[in-house]
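The values are calculated or read from the model by the stated rules, or taken from the named source; none is laboratory data. Because the structure is a prediction, the values reported are computed rather than measured. Using ideal geometry, Cβ is built from the backbone for each residue, glycine included, and neighbour counts are taken over all protein chains shown. To get the accessible areas, we keep the full protein, side chains included, count just its heavy atoms, and leave off ligands, DNA and RNA. Shrake-Rupley method; radii C 1.70, N 1.55, O 1.52, S 1.80 Å.
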Amino acid sequence: MTPATPSPAAPLEVTDEDNAATAKLGSPKGAESRSPGRLAWTRFKRDRTGVISAFVVIFFFVVGVLAPLIAKVYGKDPYTTYGMNTPGLLNEFNFPIKANGGISSDFWFGIEPQLGRDVFTFLLYGIRNSLLIATAAALLTTLLGVIVGITAGYLGGKTDYLVGRVIDILLAFPQTLFFIAFWPVVVGIFVSPEENTPVWLTVTSLIVVMTAFGWASIARLLRGEVLALREREFVEAAKITGASPARIIFKELLPNLWTPILIQATLLLPAYVTAEAGLAFVGVGLSDPTPDWGVMIQFGAKYYQDDITFMLFPGLSMVIFVVAFNLLGDSVRDALDPKTKR
């Protein structure tokens, strides 16, 4: 009998610790635990920083999804002007009478100056809206980047040259300035200057603009990976056997590209969270009274000299989420590719 040939798709590197862990198992389960996915999961579970970061990220997403339920149990909403409706909450200058922004048992994070809206529920809905926009934009950007990058790298020739020039042009311009410049153009196509822009249109426009100018980096990375992979023996063998381009891409190329795809996706989401908050801060994107991280920071910046409480909660929560997601991305990268272990 001739020995079995190795699988065309290069497996993840197996470390000595992985071999020691899998050696304790029986033959069927031991063989299953040596799969790349199980080895990556084992490495990830050993990384305490990655596990803690994952719990923090999951906590934020759960809070965002359950924001309406939490607000209902809490008994307040982000739109009611409690300070104006209830005497004794704001002074003659429309600032909270109680210290630290009016924090009390009734208002856990205090109330806003001027209008007296509840900061806690405003933050809950702000997290919900910011994560919704950032997640949708990151998923669409990754999908578009994967499609364009793999197509350009696999087809090569004039297609690759044309896509490469488009990518170079997009990467040459600062994205934030493009967001600021093109978002009003996109909105102006659908809404006249005399009308108020619907929230759904604002959200859709932000996602479209972020996706349109964000796919270039991941497409360029995957294009380079595909250019190297398409010359490998297993791809040539698939072509000789008459496999269609779709089968080669999905069966031969994609299994070797999941690591860079996942890593790039984990980098995109926190970048889009900060980008969306920055746009709201400068007045582009979501605006008051729609809850948003950037809207809260913009509002808090007006009063931080009098009371930093109004900027503390949204700023601190956003920093915690972004740092946790970046650490999670590093842990996922180390788990998928042991050669990059810190």
Please list, short to long, the whole-number percent of alpha-carbon pairs of segment 83-216 in consecutive 5 angstrom bins beginning at zero. 2, 9, 13, 12, 11, 11, 11, 10, 7, 4, 3, 3, 2, 1, 0
Summing -39500 (n - 2.57) over every DSSP H run of at least 4 residues in the chain and dividing by its residue count gives a helix-only mean residue ellipticity at 222 nm, to the nearest 500 deg cm²/dmol, of -21500 deg cm²/dmol
Quick one, can you get me the convex hull of the C-alpha atoms of the chain expressed as volume per residue in Å³? 190 Å³
Phe173: accessible area at probe 1.4 Å, nearest 10 Å²? 100 Å²
Segment 223-342: equivalent-ellipsoid semi-axes (sqrt of 5 x gyration tensor eigenvalues, Cα, Å): 45, 17, 9
Say each of Phe59 and Glu92 gets a label point 7 Å from the Cα, pointing the same way as Cα to Cβ; how far apart are those two points in nm? 4.3 nm
Using a 1.4 angstrom probe and counting only protein chains, how large is the accessible area of Phe95 in Å², to 10? 50 Å²
Range of Cα positions in segment 146-231 per principal axis (Å), largest first: 57, 22, 19
With every protein chain present, what accessible area does Asp47 have (1.4 Å probe, heavy atoms only), rounded to the nearest 10 Å²? 40 Å²
Roughly speaking, what is the stretch gain from Lys45 to Thr241, that is 0.36 nm per residue apart minus the C-alpha to C-alpha distance, in nm to one decimal? 66.5 nm
Over segment 40-81, with every protein chain in place, what whole percent of the accessible area is carbon and sulfur at 1.4 Å, could you tell me? 73 percent
Per-residue accessible area, 1.4 Å probe, largest first, puts Glu195, Glu225, Glu276 in the order Glu195, Glu225, Glu276
First compute the accessible area of segment 101-225 with a 1.4 Å probe, then give the percent of it belonging to carbon and sulfur atoms. 70 percent
Counting only protein chains, not ligands or nucleic acids, how are Leu253, Leu312 ordered by accessible area (probe 1.4 Å), most first? Leu312, Leu253
Which of Met296, Met311 is most accessible, then next, and so on - probe 1.4 Å: Met311, Met296
Between Trp258 and Leu155, what FRET efficiency follows from the Cβ-Cβ distance if R0 is 22 Å, with the result rounded to 0.05? 0.55
Residue-normalised accessible area of the chain, given per residue in Å² at a 1.4 Å probe: 54 Å²
Using mean Cβ contacts within 10 Å as the protection proxy, how do 62-70, 241-249, 118-126 order, highest first? 118-126, 62-70, 241-249
The ³J(HN,Hα) series, computed from each phi in segment 127-141 with the Karplus coefficients 6.51, -1.76 and 1.60 at θ = phi - 60°, rounded to the nearest Hz and given as x for glycine or proline, is 4, 4, 5, 5, 5, 4, 5, 5, 5, 4, 5, 5, 5, 5, 4
